[in-house]
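Presented below is the structure to which this report refers.
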Amino acid sequence: MQRLLTKGLAVLALQGLASVACAQGYMVPTSPVYPPQLVYPPQLAYPPQMLMPPAIYNPAMYPLPNQAQPMRAKADRPPEGILPALLKRTANKPLLPLTDGTTGTTPTSGEVITNSTVQKLPVLPATPSAEPSKPEPKTEGPASTSEHNSTPALPASSATSSSTSSALPCDACHASDQKPWLIYGLAGISVLRSNISERQAFGLTNSSTVVNGTVQVTNLLQRQDFSPGIQVTPLLILGAMNQDGLGVRGRFWYFQEEDEAVTVNTDRSGNVAVVSALNAPFQVISSASLGGTVPTATGGGALASGIGVDTIQATHHFRTWVIDLEATRYFESGPWSLLTGGGLRYARLEQDYGFVRTNAGSNGLVTFDTDTESLNAQHKFEGVGPTLSAELWRDLGFAGLSLYGGTRGTLLIGRHSFRNELYSRATGNLLGNPFDQSILTVGTNGTTRIVPVGELEIGAQYTRQLGSAVFIARAGFQAQTWIDAGNLSTTRTNVDFYGGNFLLGLQY
């Protein structure tokens, strides 16, 4: 009886040990079940042969352990046991490394997990069981032996890149991930003075010669020139540029100046004459001379008849329109920034000259109701041609200040056109006989020329960040030369501009 009681206690002790081992995940099924993830608790990758009957061990099913990656020691297992670890990791399953270097999730049929590595095995038919197997709960995969705190990758659309590259015309102006196109605009004024080769309003002379019927002044006492002074004109720049530094730009500026000069001729003795700027046949002469060395009057002769005085008014009007359309390319290296451009320019220059002489009165024998001469002369150049530009900035490294310099070269292919019109009229009566005389003289001419244009600008620039935009202030000195731009009588003279540019703008 005592021997039977001892054997019973031993059996109960062995059964208790088996139950504990089963709860800790060390129970090995007596027959292979595929796929492995349906086995619960999961199988051991390499069960010790001493725990299994010899008939169950199959080398094809349980390959030898990988010598390079030996099976983990029991001390490395989760302290709470494999079963609690499985339940803990169910809601956040990790990715398992595959033998080909990629990652996978739950092993599939024909695979067995060996030391955290999935190896392919031939699919074996399921061993028939004496009792119908009950459906086992499906596991998400083996538990990981360590916690993995991986940060999910941001989507491409949310990735940001900080760019300090300066697009025209400032540093750190935009972020390439936010703005595929940089748009900028500058508006302001140009304070310019023009230099035209012939600005004569009229001249005073007391001597002249006649060459082939044309009066040539040989003794100029005084010359009166137009002096329009410094003009304030508009300047506008608009542009856009992408992240690769390629862009387009438009530039417009307009220049206009006007001036006039007035005088009177009271010399009835015929010693002084007032002469317009152009030569005959488009020349007006205010004179009382009846011939000789002093030029003879070209009008009705009221002053020569001792009537009244000649009132003279000369006017000057000069205009310039310039439009540049070009493609641009931006480069940056450290504190240096370069913007190059190339495209087309349209330009038009117009110069108008007016000279009007009037007189009226009576000497008892002859009465002049009107004694008038009116001269209008115009020179116009209009052309289109290629233009190339380059602008260089040097960031000073503080307070948003930088220095810049720019140059531009243009070849305008266009046509010079001239039109002169002289209208003379005298009305009144001579000894009671009315008279009305009028003469109109018109002349036109034109020629095609290439007008090279050179420009230079240097100055300073200030920029300041205003939210998503950048405020720009720029001031600089500029000089321009238009070669063979011409004047009222010829195409072989230059027109110059020099002064300053003052611009304010935004970059977005």
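Read the figures in this text as sums done on the coordinates, not as results from a lab. Being a predicted model, the structure only gives us computed values, none of them experimental. Heads up, the Cβs are rebuilt from the backbone with ideal geometry, glycines too, and the neighbour counts pull from every protein chain shown.
The table below gives the values:
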read-out: Cα lying deepest toward the dipole's positive end in region 234-336, options Val294, Val262, Thr320, charges on Cβ; value: Val294
read-out: Label point distance in nm, Arg419-Leu365, each placed 7 Å from Cα along Cα→Cβ; value: 4.2 nm
read-out: Most to least packed among 408-414, 299-305, 458-464 [average Cβ atoms within 10 Å]; value: 299-305, 408-414, 458-464
read-out: Using a Förster distance of 51 Å, the FRET efficiency for Leu504-Leu431 (Cβ separation, nearest 0.05); value: 0.10
read-out: Positive-end residue of Thr410, Val366, Leu235, charge dipole of region 181-507 with Cβ unit charges; value: Thr410
read-out: Overall form of region 181-507 per C-alpha gyration tensor (a/c, 1.5; a/b vs b/c); value: prolate
